[in-house]
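A short reminder: the numbers here are calculations on the coordinates, not readings from a lab. All values derive from a computational prediction rather than experimental measurement. Here the Cβ positions follow ideal geometry from the backbone for every residue, glycine too, while neighbour counts run over all protein chains shown.
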Amino acid sequence: MNRQPEVTAQTKQNLIDAFWNLYCEKRIEKITVKEVTQKAGYNRGTFYEYFTDVYDVLEQIEESLIPTLDELPLIAIADGSIGMPIDMFMKLYEHNSKYYSVLLGDNGDPAFASKLKNSTKPILKQAFSEKHNLDSIKVDFILEYILSAMIGIMGYWFRQDKVLPAEDLIALMQELMEHGVMKCLSK
């Protein structure tokens, strides 16, 4: 049977939305295909046309949220320091906040933060390597530290209902990276 692509895409999106509503309420281990299909108004056979199981739904959602290398901006290094694209990360987070706030939350997927870091590391590593003659292993640790901090603080920002204006958060992250914690605490 030939299906219309827009109907197929809408059916898949309806299943994703039904899964997501359940995932926002409970851990993935507690979600069944039956619940997803009932919530979306489809039968189990329709679900299996698009996904192998509920973990596949989550994986496809996460993959759609991970920026590809060509979606990331070029990184500039000036005056011996790397200019982290914090505003780019903030836009990415805000654009996907519906998902990021849950996936990076206490009941989210712990592997998602690693996927985000691993998608960003190559372009940052290249920017470092072009400007500095640094040990590759050391660069990996530096990037792990910086990206973990950025992802952690943005996740915390979402969980705190964005109590700090975005511009202030960006300024705080830049100051932390440039001057460290003690300088920020002394203000």
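Taking residue 138 as the anchor, which lysines have their alpha carbon closer than 28 Å to its alpha carbon, excluding any fewer than eight residues away along the same chain?
List returned: 115, 117, 121, 125, 183.
Just subtract the alpha-carbon distance of residue 35 and residue 159 from 0.36 nm times their residue separation and send over the number in nm, one decimal. Spell out each step's value before the answer.
Working: separation 124, 0.36 × 124 = 44.64 nm, distance 2.69 nm.
Working it through step by step, the gained length comes to 42.0 nm.
Pairs to check: 12/34; 98/162; 12/39; 30/98. Give those whose C-alpha atoms are more than 19 Å from each other in this structure. Mind showing how you got there, number by number?
Details: 12/34 15 Å; 98/162 13 Å; 12/39 13 Å; 30/98 21 Å.
Check vs 19 Å cut-off fails for 30/98.
Sort 115-121, 143-149 by the packing proxy (mean of other Cβ within 10 Å over each peptide's residues), most packed first. Show your work: numbers first, answer last.
Details: 115-121: 18.3, 143-149: 15.9.
Ranking the peptides 115-121, 143-149 by packing returns 115-121, 143-149.
Extent of the range 5-64 along each principal axis, from alpha carbon coordinates, in Å, largest to smallest?
Between the extreme Cα coordinates on each principal axis of the range 5-64 lie 31, 24, 18 Å.
Under the Karplus relation 6.51 cos²θ - 1.76 cosθ + 1.60, θ = phi - 60°, what is the ordered set of whole-Hz ³J(HN,Hα) values for the range 161-171, x standing for Gly and Pro?
Going residue by residue, I get 6, 6, 4, 9, x, 3, 4, 5, 5, 4, 4 Hz, with x marking Gly and Pro.
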